[in-house]
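The values are calculated or read from the model by the stated rules, or taken from the named source; none is laboratory data. Bear in mind that the values here come from a model prediction, so they are computed numbers and not experimental data. Using ideal geometry, Cβ is built from the backbone for each residue, glycine included, and neighbour counts are taken over all protein chains shown.
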Amino acid sequence: MKTMIEDLNNFKDANRGKIVMNDELEKMGLTMMNNEIPQNWTEENGCGFLSIKPLSNWINDLRDRIDFLKDWELNGTPMCFWLSGFFFPQGFLTGIKQNYSRK
């Protein structure tokens, strides 16, 4: 999330002329104008998750994922889980199986 905020602030500053618009910021702006996810947000080492959704739906999905995890943290283990909301659901399911086996 921190990377996304920094990128958006840099893009905003470049549009206002406070900093120089470089190729990376220009590409990011063009992809956002086309309702696509900037590549550095979804790369293997990026800050987000891979998706084929357009940028607007991707942002909504990201907010839902964050809300789900915050609710889990604040209110304890939920009664049901949003499997597609996990970044790596296979790992979560493996962990559940291991915990059940240990009990």
message: Name the single residue that is surrounded by the fewest Cβ atoms within 10 Å (Cβ to Cβ) among those in the stretch 1-54 being without any contact (Cβ under 8 Å) to a residue 40 or more places away in the chain, within 27 Å of Phe87 (Cα to Cα) and β-branched (Val, Ile, Thr).
response: Ile52
field: Cys47 vs. criteria in a loop (DSSP other than H, G, I, E, B) and over 24 Å from Asp7 (Cα atoms)
entry: no
- request: Report, by residue number, each residue of the stretch 52-102 that is polar (S, T, N, Q) and not in a helix (DSSP H, G or I).
  value: Thr77
message: All but one of (1) surrounded by 11 or more Cβ atoms within 10 Å (Cβ to Cβ); (2) in contact with a helix residue (DSSP H, G or I) (Cβ under 8 Å, 6 or more places away or on another chain) hold for Asp71; state the number of the condition that does not hold.
response: (2)
- prompt: Which residues, taken from the stretch 30-44, are part of a helix (DSSP H, G or I) and not aliphatic (A, V, I, L, M)?
  reply: Thr31, Gln39, Asn40, Trp41, Thr42
task: Could you please let me know if Glu24 is part of a helix (DSSP H, G or I) and modelled with pLDDT under 95?
output: yes
